[in-house]
Amino acid sequence: MSSVSVVGLGAMGTALADALLAAGHTTTVWNRTPAKADPLVERGARRAGSVAEAAGAAEVVVFCVLGYADVHTLVDAAQDALRGRVVVNLTNGSPDEARELADKVRALGAEYLDGGIMAVPAMIGRPEALVLYSGSTPAFEGHREVLKVFGRAVCLGDDAGRAPLYDLALLTGMYGMFAGFLQSAALVRSAGADVEEFTTALLVPWLHAMTGALPEMAAQAAKGAYPAAGSNLAMQVAHDALGDLGRAQGVSTELLAPLFELMRRRVADGHGDEGLAGVVELLHRP
Ligand SMILES: NC(=O)c1ccc[n+]([C@@H]2O[C@H](COP(=O)([O-])OP(=O)(O)OC[C@H]3O[C@@H](n4cnc5c(N)ncnc54)[C@H](OP(=O)(O)O)[C@@H]3O)[C@@H](O)[C@H]2O)c1
């Protein structure tokens, strides 16, 4: 069993500390508003009187607060108490923020792991939770058993910025899926049809089936070559079928219109015989 401190006991930090306690790790907790530590102390956690005390109490110090500016303030407060520790920052931010914090923590003589939590608090400690890590690979390997307590732990290498990049890229994929759901729910509801039945019986299996196309599209994006597999881009935008339907049903088309505009631009650029994945060339030029 390891000793772990959790700094920041909001909804997520509390779930992380509870998972550590459930796994039998010696868990020390600190929160800016001290009363939030009370329930965890009742469940067996040790209370630290300051961030420095929390840092000094454990091999692994987990930070989970609102933003990187808050983590900087807390690291400044802990300073020398962090020497020789592994700092695991599970606060959300950007890749550059992660790299900057990694440099600061390393300069204090600690190892740094950045983490992206792909879960809500209720999922922490359950197999469906995924936490992405990057930064010190030796620190990840050395403390893998502790990190696995939160959920599936995946290490993405030495660049501290990689975990936040993948975290945000995964959220991007998720919001794209939700955008499609919102538009189809509005269309079905506008026709007076049963949105729940439509979603459960038809949309969810359809989306599952469509995810099967993603590995091939990803291979095409990696190569920069986009042969159409049966459904070329010109065919997909030959008619503004989705726009026409939205207008006919009184449903705004503003959500997906930018995607169709990009598809039409790609066709106008001479790529109508290629597949949809070629749109990535309009989003990013290598
Ligand atoms: N909740 C989720 O579903 C979820 C999922 C993935 C990732 N995350 C990430 O996890 C992190 C924490 O989220 P949360 O849901 O736990 O948020 P939360 O419930 O709002 O808690 C925020 C925590 O940050 C602390 N804090 C804020 N500013 C601070 C400062 N200047 N100094 C010290 N402590 C400060 C708060 O302390 P006080 O109690 O004193 O206010 C509190 O402990 C965020 O970066 C979030 O993006 C959350």
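The values are calculated or read from the model by the stated rules, or taken from the named source; none is laboratory data. If you're wondering where the values come from, they're calculated on a predicted model, not measured in any experiment. So basically every Cβ, Gly included, is an ideal-geometry build from the backbone, and we count neighbours across all protein chains shown.
May I ask you to verify whether residue 55 is in the same structural domain as residue 139 (by TED's automatic domain parsing) and in contact with a Leu (Cβ under 6 Å, 6 or more places away or on another chain)? Show your work before the answer.
Working: in the same structural domain as residue 139 (by TED's automatic domain parsing): yes; in contact with a Leu (Cβ under 6 Å, 6 or more places away or on another chain): yes.
When the stated conditions are applied, residue 55 passes them.
Just checking, how many residues over region 1-15 are within 9 Å of the ligand (Cβ to nearest atom) and surrounded by 19 or more Cβ atoms within 10 Å (Cβ to Cβ)? Don't jump to the end; show me each part of the working.
Of region 1-15, the ones within 9 Å of the ligand (Cβ to nearest atom) are 7-15.
Restricting the remaining residues to those that are surrounded by 19 or more Cβ atoms within 10 Å (Cβ to Cβ) gives 7-9, 12-15.
Residues that pass the stated criteria total 7.
Given the options 152, 126, name the one that is free of Cβ contacts under 8 Å to residues at least 60 places away in the same chain, within 23 Å of residue 11 (Cα to Cα) and more than 16 Å from the chain's Cα centre (by Cα). Step through it out loud before you land on a result.
Values: 152 fails: more than 16 Å from the chain's Cα centre (by Cα).
After applying the criteria, what remains is 126.
Which residue is nearest to the chain's Cα centre (by Cα), if the candidates are limited to region 40-60 and must be under 15 Å from residue 15 (Cα atoms) and surrounded by 18 or more Cβ atoms within 10 Å (Cβ to Cβ)?
The extreme case among them is 40.
When the residues of region 83-98 are filtered to those that are assigned to a loop (DSSP other than H, G, I, E, B) and free of Cβ contacts under 8 Å to residues at least 60 places away in the same chain, which remaining residue is farthest from the ligand (Cβ to nearest atom)?
Restricting attention to region 83-98, the residues satisfying the condition of being assigned to a loop (DSSP other than H, G, I, E, B) are 83-85, 90-94.
Subset that is free of Cβ contacts under 8 Å to residues at least 60 places away in the same chain: 83-85.
Values: 83: 21, 84: 23, 85: 18 Å.
Only one residue fits best here, namely 84.
Filter region 16-37 down to residues that are buried (at least 23 other Cβ atoms within 10 Å of the Cβ) and of a type in the set (Val, Ile, Thr) and give me whichever is nearest to the ligand (Cβ to nearest atom).
Residue satisfying both the conditions and the ranking: 29.
Quick one: in region 116-150, of everything that is within 11 Å of the ligand (Cβ to nearest atom), small (Gly, Ala, Ser) and closer than 21 Å to residue 22 by Cα, which residue is surrounded by the fewest Cβ atoms within 10 Å (Cβ to Cβ)?
For region 116-150, the residue satisfying everything is 122.
Test residue 80 against the stated conditions and say whether it is in a helix (DSSP H, G or I), over 30 Å from residue 168 (Cα atoms), away from the ligand (no atom under 16 Å from the Cβ) and in the same structural domain as residue 127 (by TED's automatic domain parsing).
Numbers: in a helix (DSSP H, G or I): yes; over 30 Å from residue 168 (Cα atoms): yes; away from the ligand (no atom under 16 Å from the Cβ): yes; in the same structural domain as residue 127 (by TED's automatic domain parsing): yes.
Judged against the criteria, residue 80 is a match.
Determine which single condition residue 61 fails, assuming it passes every other condition in (1) more than 12 Å from the ligand (Cβ to nearest atom); (2) more than 18 Å from residue 111 (Cβ to Cβ); (3) part of a strand (DSSP E or B).
(2)
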